[in-house]
1. With contacts defined as alpha carbon pairs under 8 Å and 6 or more residues apart, what's the relative contact order of the range 215-260 in percent?
2. Accessible area per residue of the range 1-93 at 1.4 Å probe, in Å²?
3. SER49 label point, 7 Å along Cα→Cβ, cut-off 19 Å on backbone N: hits in the range 235-266?
4. Keeping all protein chains in place and using 1.4 angstrom, which order do ILE118, ILE221 fall into by accessible surface area, from largest down?
5. Any idea what the dipole of the range 2-53 comes to, in debye rounded to 20, about its Cα centre with Lys/Arg Cβ at +1 and Asp/Glu Cβ at -1?
6. Rounded, prolate or oblate, given the Cα gyration tensor of the chain, with a/c below 1.5 counting as rounded?
7. Any idea what log10 I(q)/I(0) is at q = 0.14, 0.15, 0.24 Å⁻¹ for the range 22-78, Debye with uniform C-alpha scatterers and no solvent?
8. ASP132 to THR245: FRET efficiency via 1/(1 + (r/R0)^6), r the Cβ-Cβ distance, R0 30 Å, to the nearest 0.05?
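The values are calculated or read from the model by the stated rules, or taken from the named source; none is laboratory data. Not measured: the values here are computed from a predicted model. Glycine gets a Cβ as well: all are built from the backbone with ideal geometry, and neighbour counts include every protein chain shown. These area figures cover heavy atoms from the full protein model, side chains too; ligands, DNA and RNA do not enter into them. Shrake-Rupley method; radii C 1.70, N 1.55, O 1.52, S 1.80 Å.
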Amino acid sequence: MKYCRMEVDGNAVWGLVEERAGALWITAQLDSPWKTEPVALLAEPLLLSQARLLAPVAPTKIVCVGRNYRDHAKELGNEVPTEPLLFFKPPSSLLGHGGVVRMPSVSSRVDFEGELAIVIARRIHKFCPEQDVHSCIHGVTVANDVTARDLQKKDGQWTRAKGFDTFCPVGPIVETSIPAQAIAAGLVVETRVNGDLRQHGSTADFIFALPELLAYITAAITLEPGDLLLTGTPAGVGPVRPGDTVEISVAGVGSLRNSFAAEAAH
Ligand code: ZN
């Protein structure tokens with residue numbers, strides 16, 4: 001199943017997404033992504049590309065993994081980590097497909113980071129890597145872990161650098177039919193800036209695979225249904241300029257596109 005979240009008359013609504021004749025259409029309204037029975041069919045199916053899309057998630061928290069691809073750890077001059085490196089992005093940083101990332105005036109370098117994101121299916125506490133990973137995954141989507149690289153270095157803590165409003169574009173849809181084995185076998189993650197390919201990685205190259213990540217995270221933090229896990233970015237990160245468009249695609253999942261603009265002066 002594919003689903004989205006959209007704005008209708010000022011309200012956030014979940015939508016069922018179906019492929020018809022090669023295009024994605026929103027065909028019905030869902031009560032929630034956990035209840036897959038449509039509550040109402042749309043009178044007229046709506047092209048996904050014409051909807052006002054919101055991030056298709058409503059997490060209590062967004063848990064992120066830093067430096068989970070060897071090549072990316074090295075490109076920033078960091079050691080390959082021996083344990084997962086975790087940080088949070090606040091839910092207030094979420095932005096939908098097509099939304100504009102606002103570049104804060106206090107930063108002079110804002111980077112894109114294309115990532116596979118996992119929507120958590122159930123409450124998970126102290127996960128054992130031997131347990132069934134697939135039951136932990138409600139679906140997968142695409143995320144941009146937008147980062148104010150200069151503030152990340154300056155602050156030491158990453159909260160501000162990763163947490164500005166609009167710094168977590170997610171979408172356009174959540175795809176629930178991707179098995180955990182497909183993530184382990186390798187989904188291709190690519191990022192294009194104004195159409196130029198900048199990142200090309202495979203989730204087969206994770207330093208820490210999903211079972212290890214879930215075990216490490218939930219040894220400390222209970223994950224709730226709907227929480228979002230950003231799995232790290234491959235090599236090729238770089239700065240964006242106002243006016244740039246960043247498109248991140250994950251094979252079999254979708255393409256997330258957002259433009260960047262300097263924040264308006266107060
Ligand atoms: Zn990242």
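1. The normalised contact order for the range 215-260 reaches 27 percent.
2. Normalised by residue count, the accessible surface of the range 1-93 is 55 Å².
3. Counting only backbone N, you get 245-259.
4. ILE221, ILE118
5. With only Lys, Arg, Asp and Glu charged at Cβ, the dipole is about 140 debye.
6. Oblate shape, in that a/c is at least 1.5 and b/c is the bigger or equal ratio.
7. -0.64, -0.68, -1.03
8. 0.15
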